[in-house]
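Have a look at the structure below, then the notes.
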Amino acid sequence: MEPQKQPPVPVLSTILMAIFLSVLCVISLVIYLALSWQNPIWTGNVKLILSIAAVVMLGVLAGLMVLYRKITR
């Protein structure tokens with residue numbers, strides 16, 4: 001019996017779904033921040049927290065892409 005070189009389809013589809021959802025979250029956060037960044041309700045701390053959240057989401061997205069590439073090879 002030969003070893004499998006490709007992971008099963010559910011694993012790949014789960015990873016692709018996670019990457020897609022991460023991209024959607026980052027895009028929606030960027031659009032929201034772009035539209036309401038100049039609103040006076042935003043204090044310095046809120047802007048800092050939202051900026052950190054965007055960076056963390058981008059980091060998660062990059063990690064998922066690396067994981068996907070590692071699994072598919």
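The values are calculated or read from the model by the stated rules, or taken from the named source; none is laboratory data. Because the structure is a prediction, the values reported are computed rather than measured. Heads up: the accessible areas ignore ligands, DNA and RNA and are worked out on the full protein's heavy atoms, side chains in. Shrake-Rupley method; radii C 1.70, N 1.55, O 1.52, S 1.80 Å.
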> Which percent of the accessible area of the stretch 14-60 is formed by carbon and sulfur heavy atoms (probe 1.4 angstrom)?
Replying inline: 81 percent
> If you rank Y32, Y68 by how much accessible surface each has, with a 1.4 Å probe, what is the order from largest down?
Replying inline: Y32, Y68
> Accessible area per residue, 1.4 Å probe, Å², for the stretch 6-69: what's the number?
Replying inline: 71 Å²
> With every protein chain in place, what's the accessible area of W42 (1.4 Å probe, Å², nearest 10)?
Replying inline: 50 Å²
>> Can you give me the solvent accessible area of L12 with a 1.4 Å probe, rounded to the nearest 10 Å²?
In response: 40 Å²
